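Have a look at the structure below before the remarks.
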Amino acid sequence: MSAAHLLRHSRKLRSLHNALDCERSGLVRYFSTASGSFPTKGNGAEKRIGGARFPQRKQPGKELETSKVSLGLNGSYTCRRSPNNFIPNTITGLNGSLSCGQIASARSFSSSADLPPHQEIGMPSLSPTMTEGNIARWLKKEGDKVSPGEVLCEVETDKATVEMECMEEGYLAKIIHGDGSKEIKVGEIIAVTVEEEGDIEKFKDYKPSTLAAPVAPSELKAQSEPTEPKVEEREPSKAPEPKAPRTEEPSRSGDRIFSSPLARKLAEDNNVPLSSVKGTGPDGRILKADIEDYLAKGGRKEALAAPGLSYTDVPNAQIRKVTANRLLSSKQTIPHYYLTVDTRVDNLIKLRGELNPLQESSGGKKISINDLVIKAAALALRKVPQCNSSWMNDFIRQYHNVNINVAVQTEHGLFVPVIRDADKKGLGMIAEEVKQLAQRARDNSLKPEDYEGGTFTISNLGGPFGIKQFCAIINPPQSVILAIGSAERRVIPGSANGQYEFGSFMSATTSCDHRVIDGAIGAEFLKAFKGYIENPTSIYTGN
C-alpha cells in the first residue's frame, strides 16, 4: 500500500488539518530505500527521527527538488528534498508546516552501509533555562554495556550538576565529548550507543556529520521557505547597504551592522564589538566564523586589555553566566523599590538559646537565627499574600504555597535552594532542610527539584559576613527579596527618664516589584515580619 493511499484512507490522518494549525503538530516517519532521516528543529536544536543526523543547511549550487503528496484533504503537502540524499527539508501545506516536537533522543540509522543501526544521544535540557551544558565526567566508558536507569555521565547545567541516565539498553560505542567538555549546546550529540556489542568497533572513528552548534531559529526559517522566490525577495533588502567595509570603521558604529544570531551571541559572550569585525557573508554580513577568526587572532585581548596591565582571565562557569544574565534582566526590566526596618532581636536570641539545648538532646540540628527569619517571613507572607506573587503581564499570579528560596554562596557560584511550604513546617525541620540543601549546594549536587518552584527569596549577609544593611536584586519571576543584615547592640532609652539600656537590632530590607506590590503593601509585610521577630512566641501560634 502506498503512503499516499494510506493517508487518503486513514480517518485519523484526514483530521490532521486541526493539528496543523500548530507548528509542533505531530511526528512524521519518513521511509526511503536509503534509510534516510527526517531532521527537524525544536527550540533551536536539531532532532532526528528514524535516521542519522543530516545537516539541514542548503548547499550552494544545489537546488532543492519539490514534490507534492496529496492527503485527500482540501489541499496538498509540498515536500522539499535534496536530490542526492532524498531527505525532506520541510513539509508544508494547508495552514503551515508540519514539524515535530522536542525529542530527547531518537533511534538513528546511518545512510552508510558501513555503520549499523545506532542511537545518537544529544545534550539534554535539564532545566527550564538551560541552553548549553558541560560534561563534568563520564561514569561509563566506551564499550560498556548500559541499561535503562543507569547513569551515563554528570552534566553541569546552569544551576547544578545533574546525573544523566540512559533510556535504552545497549552498548556505549562512542563518546563525542569527553570529560570536561564545555559549552555544549542543547541537542548537540555527545555520545552514540548501539544494540550489539560487535558493532562497537565500527564507531571507533565515528564523527557526527554536523558537530557545530544547532542552526539558529531565524536561519531555519529561511531554509524552510516552501518556494524559491522568497529567497530572491530577501536579497534586495540588503542591497541598499552601499559599503560592507564600514563594519571595520568604529567611527560609523551608529550605522546598522548585519550579523547572524549565532555571531551576535558569540560576540556578546566575548565582549567583541561588531563594529571591529569584518563580515565575510553576503553584503558584509558578519557570520559566526568571522567572530571565531577575530578571537583566534587575539581580538578579545586587544579590545579588553590596556597596555602595561597584568591580569588573569577566569572562565565563567555556567551558573555564573546564568546568574549574570538573570540579574541583569531583573535590574533592567523590574521597577525595584526598597523598604528597610530595624527589628529588635533580643527575644529572638533568647528563644534560640532555649530551643537549641532541646534540639541537641533530641538529636536534631541547631536552630540558627536565619531559620527563625525564614519561619517569620513565611508567616508574614501568609498574612500578606500579595507579596507572594508574580507579574505575568496580563495578570498577577498569587501563590497558595509559601516556598522560600535561601541564597547560598559557594565556590561554584550563587545557589538558591528552596524550602517548600515553610509556613507549615516546624523550626527543627526547617533547620534540617536548610543545612542539607546548603551542603548539596557546596558539593554542586543540587537537583532541579531542590531549587525550582520558589515564591520568595531571603539573602542573609549579616550573620556570615557582618554586613549591616544592603539591597538585594529581585529573583525573577518573584516579586520580593528580603535582605537580612547583622545584629548590632545599640544604646536605647530605658523605661524611666534618664535611664538607658542596651538592645540588639537587625536590619531587614525588602526589594519589591512595584508592578505587583504597592508601597503600602510592602510596608504591611515588613510590619508583620517585624512583629514575628520581636515577639517570637507568636511564631508557634501563627498569630
Checklist outcome for this item: Descending accessible area (1.4 Å probe), largest on the left, turns LEU287, LEU358 into LEU358, LEU287
Next on the checklist: With the crude spin-label approximation of a point 7 Å out along Cα→Cβ, what separation in nm comes out for ASP346 versus ALA523?
Outcome noted: 2.7
Next on the checklist: I'd like the carbon and sulfur percentage of the solvent accessible area for region 366-491, probe radius 1.4 Å, heavy atoms only, ligands and nucleic acids excluded.
Outcome noted: 52
Checklist entry - Karplus couplings for region 483-491 from phi (6.51 cos²θ - 1.76 cosθ + 1.60, θ = phi - 60°), rounded to Hz, Gly and Pro as x? => result 9, 9, x, 7, 8, 9, 7, 10, 8
Checklist entry - When ranked by the protection proxy of mean other Cβ atoms within 10 Å per residue, highest first, what sequence do the peptides 455-462, 471-478, 312-319 form? => result 455-462, 471-478, 312-319
Checklist entry - Karplus couplings for region 434-447 from phi (6.51 cos²θ - 1.76 cosθ + 1.60, θ = phi - 60°), rounded to Hz, Gly and Pro as x? => result 4, 5, 5, 5, 5, 5, 5, 5, 5, 7, 6, 10, 5, 9
Checklist entry - What is the diffusion coefficient of region 118-202 in µm²/s, taking the Kirkwood radius over Cα pairs and the Stokes-Einstein relation at 20 °C with a viscosity of 1.002 mPa s? => result 167
Checklist entry - What list of ³J(HN,Hα) values in whole Hz, one per residue of region 515-526 in order, does the Karplus curve 6.51 cos²θ - 1.76 cosθ + 1.60 (θ = phi - 60°) give from phi, with Gly and Pro shown as x? => result 5, 9, 10, 6, x, 5, 5, x, 5, 5, 5, 5
Next on the checklist: Which residue, HIS336, GLN359, VAL480, has the largest displacement toward the positive end of the dipole of region 320-539 when charges sit on each Cβ (Lys, Arg +1; Asp, Glu -1)?
Outcome noted: HIS336
Checklist entry - ILE467's amide H: which non-local residues (gap 5+, or another chain) put their own amide H closer than 5 Å, with H modeled 1.01 Å from N in plane and none for Pro or chain starts? => result GLY462, SER486
Item to check | Average Cα contact separation per residue, region 320-539, under 8 Å, 6 or more apart, as relative contact order % | outcome: 30
Checklist entry - Expressed in nm to one decimal, what extension gain is obtained for the pair VAL151 and GLU165 from 0.36 nm per residue of sequence separation less their Cα-Cα distance? => result 4.6 nm
Checklist entry - What is the calculated FRET efficiency for ASP421 to GLU201, with r their C-beta to C-beta distance and R₀ = 35 Å, to the nearest 0.05? => result 0.05
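Quick one: length gained pulling LYS141 to ASN325 fully straight, 0.36 nm per residue minus the C-alpha distance? Before the final figure, lay out each step's value.
Working: separation 184, 0.36 × 184 = 66.24 nm, distance 3.50 nm.
Using 0.36 nm per residue and subtracting the Cα-Cα distance, I get 62.7 nm.
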Item to check | Over 31 Å (Cα to Cα) - which of LYS145/LYS265; LYS185/LYS278; LYS140/LYS365; LYS297/LYS447; LYS140/LYS265 fall in this group | outcome: LYS145/LYS265; LYS140/LYS365; LYS297/LYS447; LYS140/LYS265
Checklist entry - Can you give the accessible area of SER368 in Å² (nearest 10), computed on protein heavy atoms with a 1.4 Å probe? => result 30
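In debye, nearest 20: dipole of region 441-543 around its Cα centre with unit charges on the Cβ of K, R (+) and D, E (-)? Before the final figure, lay out each step's value.
Values: 8 positive and 10 negative charges, 62 e Å.
So the dipole magnitude of region 441-543 works out to roughly 300 debye.
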Next on the checklist: Could you report the accessible area of MET167 in Å², rounded to 10, computed with a 1.4 Å probe on the protein chains as they sit in the structure?
Outcome noted: 140
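Which whole-number value in Å³ per residue fits the convex hull of the alpha carbons of region 365-427?
Numbers: hull volume 6.3 nm³, N = 63.
Here the figure is 100 Å³ per residue.
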Next on the checklist: How large a share of the accessible area of region 118-202, in percent, is made up of carbon and sulfur atoms when the probe is 1.4 Å and the other protein chains stay in place?
Outcome noted: 43
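Classify region 428-528 as rounded, prolate or oblate, taking a ≥ b ≥ c as the square roots of the eigenvalues of its Cα gyration tensor: rounded when a/c is under 1.5, otherwise prolate if a/b is larger than b/c and oblate if not.
It comes out oblate by the Cα gyration axes.
Multiplying the sequence separation of LYS435 and SER209 by 0.36 nm and subtracting their Cα-Cα distance, what value in nm do you get?
On the way: separation 226, 0.36 × 226 = 81.36 nm, distance 4.72 nm.
This chain segment gains 76.6 nm when fully extended.
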Checklist entry - So, by mean Cβ neighbours within 10 angstrom, what's the order for 412-419, 492-499 with the highest one leading? => result 412-419, 492-499
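Largest first, how would PHE395, PHE465 line up by accessible area (1.4 Å probe)? Please report the intermediate quantities before stating the final value.
On the way: PHE395 100, PHE465 130 Å².
Result, largest first: PHE465, PHE395.
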Item to check | Heavy-atom accessible area per residue - region 320-539, 1.4 Å, Å² | outcome: 48
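The values are calculated or read from the model by the stated rules, or taken from the named source; none is laboratory data. Nothing here was measured: the structure is a model prediction, and the numbers come from that model. Heads up, the Cβs are rebuilt from the backbone with ideal geometry, glycines too, and the neighbour counts pull from every protein chain shown. Ligands, DNA and RNA are excluded from the accessible area calculation, which covers all protein heavy atoms including side chains. Shrake-Rupley method; radii C 1.70, N 1.55, O 1.52, S 1.80 Å.
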